[in-house]
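Please read the structure below before turning to the comments.
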Amino acid sequence: MGQLRGGDPGAMESLATKANHTSTTIGAIRAVLDRVRNDAPVFGDLAEKMAAEFEAQLLPRLRQAEGALGNVGEVLTWNAQEQRHASDSSAPSPSGAKPEYRTPSPESAHFQLAKFARPQVPVNVPAPAGGPTFTGGVPFAERIAETRKKIEDLLAAERKRLPELQRLDGKAQATGDALAGYGDRKAFSESKALVQHYESLLRPDRQLLYYDHKGDGALVELHGKIDAGTKNVAVLVPGMGTDQYSVDSTNQSAKDFVAAADGKLAVVVALLGDHPDDLAAVSPAHAVALGRPLAELSHAVAAEAGQQGADGAKLTVVGHSYGASIVGEGEKNGLRADRILDWAGAGVGHDVETPADLPNSSPGVQRYSMTAPGDPIQRTQGLQVGGWGHGLTDPDKFGGTVELCTGAYPNDPALGSKAGQPISGLSGHSDIWTKGSDSWQNAFGVMTGGEVKPAVYPPAVFIPRPEGGAYPYQPPPVCGPTIDIE
């Protein structure tokens, strides 16, 4: 049976409304398709064939999704009423018996909400075959050389395609028809973009430890150097939607951290495979698949530090948003880390509630977290229903975790109206990366074992309800006095 813990009543009721509305909409679509199926004999063999496909494939999926969403709505509504009544005895208690969340059978697991929205890898599966491996203690210099050779071969192959694609593009444009030869023009444009992309990956300053060009791609890149003078190494795991093209923003942040540490910090950006987009992010499937490669990478980083005379260097693993869930799955697989930072983290790992649920984590690991006030991800942190969600505990409240403040933007005129203002709301989810902000400084402090500012919560206040009684309101945290973590 799935469990539901955490979340505020208002958020749960809002999600219940959306689930019920979607269930009703799916029911209406199903009714239309039922009618098409029933009328199929009138329209001949082709329509009957389509109707058979409806009956065998589409309609069962719609029925499953409709029922699952309706069940989710019932569970969320009941739990919201229970929590509201627990905090205010004047609020009505939930009526009837507590509804059970009915986990779909393995045969119908692919009809769950996230997978209905976008096909996914099933939750409990190993990493895809051919994914990155970092075993064997191969020196980073060799990994970088091998990856460079692979990209050089990809570039040569793409350059070889260009002349013919350019010829077809010119032929298509000569027709003067905007639609004629669209595919040829698109292929030429994409090929030129690929050539530029591969060329950028081959710049002399780049140190790629792994690269996979297929699909959204995978890319692991070292920034700075690991040598006898290195005191700290950090691994950055970016969030949902990151791919081999958009990871450049994470790479830039890594460069900024390295530059600020004056040669004493190296940073590895770890895009180890496909990260989910949009609604697919409610599924932990990608995180489960990428947990093992991340654990292997952490041990490879530690081995490299030892080989280069920096065996005393401290390793910090940072997960942003969905990346924090990947870090949690990495811990299940024996992640090597001295410090872990969940930065606006989606969760600490599927089915994880306490550190005891991570028996393979590094002994004595120090845990830190940050989430901006009003970041929408707060509504799902610690919220898990059946196979959806990324853990049973809010990462900011996870056992032994020191919650840090996200504070304010730097007083930089280039930031316009945001300069000096608190980081909060929807934009705060990504703006916590803003260089020079309190959040950025805290992340830098964790990576380098330096100074950080904990989150301090003002006293709760009680807001009167129009119908009587009051409900508690917790003002957002502020930055407390600076502490040194080492």
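The values are calculated or read from the model by the stated rules, or taken from the named source; none is laboratory data. Computed from a predicted model, the values in this text were never measured in an experiment. Please note: Cβ atoms are built from the backbone with ideal geometry, for glycine as well, and neighbour counts cover all protein chains shown.
Of note:
- Residues of the stretch 424-480 that turn out to be of a type in the set (K, R) and within 30 Å of Q252 (Cα to Cα), as a count: 2
- Residue in the stretch 317-370 that is nearest to W388 (Cα to Cα), counting only those that are in contact (Cβ under 8 Å) with a residue 60 or more places away in the chain and β-branched (V, I, T): I326
- The criterion of being modelled with pLDDT of 70 or more, among the charged types (D, E, K, R), under 33 Å from the mean Cα position of the chain (by Cα) and outside any helix (DSSP H, G or I) does not hold for E82.
- Evaluated against (1) polar (S, T, N, Q); (2) surrounded by fewer than 24 Cβ atoms within 10 Å (Cβ to Cβ); (3) in contact with a strand residue (DSSP E or B) (Cβ under 7 Å, 6 or more places away or on another chain), Q308 falls short on exactly one condition, (3).
Matching residues to (1) within 30 Å of L279 (Cα to Cα); (2) among the small types (G, A, S):
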{"position": "G217", "(1), (2)": "yes, yes"}
{"position": "L222", "(1), (2)": "no, no"}
{"position": "I226", "(1), (2)": "no, no"}
{"position": "K231", "(1), (2)": "no, no"}
{"position": "A234", "(1), (2)": "yes, yes"}
{"position": "P238", "(1), (2)": "yes, no"}
{"position": "Y245", "(1), (2)": "yes, no"}
{"position": "Q252", "(1), (2)": "yes, no"}
{"position": "V258", "(1), (2)": "no, no"}
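- With respect to (1) assigned to a strand (DSSP E or B); (2) more than 24 Å from V348 (Cα to Cα), the lone exception for A455 is condition (2).
- Residue in the stretch 127-137 that is touching a strand residue (DSSP E or B) at 6+ places or on another chain (Cβ under 9 Å) and modelled with pLDDT under 65 present: yes
- Test: residue in the stretch 296-314 that is within 20 Å of Q378 (Cβ to Cβ) and outside any helix (DSSP H, G or I): no
- Among the residues making up the stretch 413-446, those that are polar (S, T, N, Q) and in a loop (DSSP other than H, G, I, E, B) are Q421, S424, T434, S437.
- The stretch 217-229, residues that are surrounded by 19 or more Cβ atoms within 10 Å (Cβ to Cβ) and out of contact with any Gly (no Cβ under 8 Å at 6 or more places or on another chain): L219, V220, E221, L222, H223, I226
- Scanning the stretch 241-266 for residues that are in a loop (DSSP other than H, G, I, E, B) and under 26 Å from V282 (Cα atoms) turns up G241, T242, D243, Q244, Y245, S246, V247.
- The condition of being of a type in the set (V, I, T) and free of Cβ contacts under 8 Å to residues at least 60 places away in the same chain holds for only one of V195, V220, V237, that being V195.
- Answer residue from the stretch 196-216, given it is modelled with pLDDT under 95 and surrounded by fewer than 16 Cβ atoms within 10 Å (Cβ to Cβ) and is farthest from the chain's Cα centre (by Cα) among those: K214
- Those residues of the stretch 340-395 which are closer than 13 Å to H320 by Cβ and part of a helix (DSSP H, G or I), in sequence order: I377, P395
- Against the conditions (1) assigned to a helix (DSSP H, G or I); (2) closer than 23 Å to A337 by Cβ; (3) more than 22 Å from the chain's Cα centre (by Cα), K225 satisfies every one except (1).
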